[in-house]
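Here is the structure we will look at.
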Amino acid sequence: GVPAGIAVSGDGRSLYVAEVWGQRVIKLGAADAKAEWTRTFAPPQGARQMSHDENRTASDASTSAPFPYACVVDEKRGRVYVSCWAHAAVLVLDARTGADIARWPVGPHPNEMLLAPDGRLFVAEANHNTVSIIDTVTGRLTERLTASLFPASPPGSMPNSLSLSPDGELLFVANATNNNVAV
């Protein structure tokens with residue numbers, strides 16, 4: 001399934017794993033690795049065999065496949081947020097059951113996410129130079145930050161990792177293509 005994102009519950013008893021190519025999110029017991037629930041969104045992707053001379057630009061990926069990339073646990077609200085790389089959305093799941101709660105639109109190719117202590121959800125968007133900030137109470141986009149080198153830079157910085165200063169005042173954004181950190 002190629003685990004791309006993992007999150008641990010506050011009590012350390014559960015793991016949430018986003019399997020980007022397996023098209024699923026699994027909640028596992030940390031002590032015994034038994035599945036507590038599994039959410040499968042589409043058939044696993046990327047298993048097709050290719051011949052040496054085959055056109056490698058053709059994709060067999062299903063248009064329904066969301067490619068779940070990262071997951072973040074929101075203990076206060078009993079939720080798990082999952083970035084859906086191919087759907088430009090954050091899926092909100094019930095942490096206890098795995099049931100859908102909501103789907104929040106964000107920019108293209110959301111990957112890494114960060115939940116601030118004040119409830120803001122930061123979502124890095126690799127296909128743009130942006131980070132979306134979502135109010136987790138309302139599910140609404142409150143702000144979109146740019147992480148590019150210059151204000152009018154074309155897409156391509158590829159924000160792919162986030163960190164917040166302990167006081168919550170500074171956001172650090174790793175830009176994969178630029179090989180820098182925006183602050």
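The values are calculated or read from the model by the stated rules, or taken from the named source; none is laboratory data. The structure displayed is predicted, hence computed values, not measured ones. Backbone-built Cβ (ideal geometry, glycine too); neighbour counts: all protein chains shown. Calculation scope for accessible area: heavy atoms of the full protein, side chains included, ligands and nucleic acids excluded. Shrake-Rupley method; radii C 1.70, N 1.55, O 1.52, S 1.80 Å.
A few points about this structure:
- Measuring nothing but protein heavy atoms, the accessible surface of the chain at 1.4 Å probe radius is 54 percent carbon and sulfur.
- Percentage relative contact order, the chain, counting C-alpha pairs under 8 Å, at least six apart: 11 percent
- Per residue, the solvent-accessible area of the chain (1.4 Å probe, heavy atoms of protein chains only, all protein chains present) comes to 54 Å².
- Sorting K34, K27 on solvent-accessible area from highest to lowest, probe radius 1.4 Å, gives K34, K27.
- Amide H contacts under 5 Å for Q23, placed H, 5+ residues apart: Q45
- Charge-dipole axis of the chain as Lys and Arg at +1 and Asp and Glu at -1 on Cβ define it, positive-most pick from T97, F172, A30: T97
- Distance from the alpha carbon centroid of region 149-182 to that of region 13-31 works out to 27 angstrom.
- Near W37, the amide H atoms lying under 5 Å from its own belong to K27; only residues 5 or more places off or on other chains count, and H is placed 1.01 Å from N.
- The accessible area of S161, taken with all protein chains in place and a 1.4 Å probe, comes to roughly 50 Å².
- Distance from the C-alpha centroid of region 98-126 to that of region 78-92: 6 Å, rounded to the whole angstrom.
- For region 112-179: relative contact order, % (alpha-carbon pairs under 8 angstrom, 6 or more apart): 28 percent
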